[in-house]
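Participant: Please read through the structure below; I'll follow up with questions.
Just so it is clear, none of the values below were taken in a lab; they were calculated from the coordinates. Note that the structure is a prediction, hence the values are computed from the model and not measured. Virtual Cβ from ideal backbone geometry, glycine too; neighbours counted across all protein chains shown.
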Ligand code: FES
């Protein structure tokens, strides 16, 4: 059985069609993202190799991409990956206070996953929402103009979603 599901292959095929036939390798970034999403939010060596094989590129080329960009995870992560911008605008707007609050509430450290597997906290570079700093992204949604109260409300929402799913 293929490491990549037929759904992931169909998604990668859609991306391949956006590029000239000889530039199949250009689909490596979205291909890895699709494969990561289908693999519980992280890329194992098998999955990276399977994407590379499908795109006819050397596995090392896909590994280089997967290890360079912060959106790829090379080990299992928590149920909710919270990416906090720590770039300059968010620094000036107090992201450090937000991070310390998240670390305390999620019982983990920036760059790590909580023991209960619920939360992974990540520091990321500018996400283009500087005007609404400080901000974070979780489950593909931006949360901006953060306050400690907003963080608490967000964590309650994530907990409730987890309880009802
Ligand atoms: S510096 Fe944080 S979104 Fe730009």
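Participant: Name every residue in region 92-109 that is assigned to a loop (DSSP other than H, G, I, E, B) and away from the ligand (no atom under 15 Å from the Cβ), in order of residue number.
Facilitator: Within region 92-109, 107, 108, 109 meet the criteria.
Participant: Tally time: how many residues in region 125-165 are within 26 Å of residue 33 (Cα to Cα), away from the ligand (no atom under 16 Å from the Cβ) and surrounded by fewer than 17 Cβ atoms within 10 Å (Cβ to Cβ)?
Facilitator: 6
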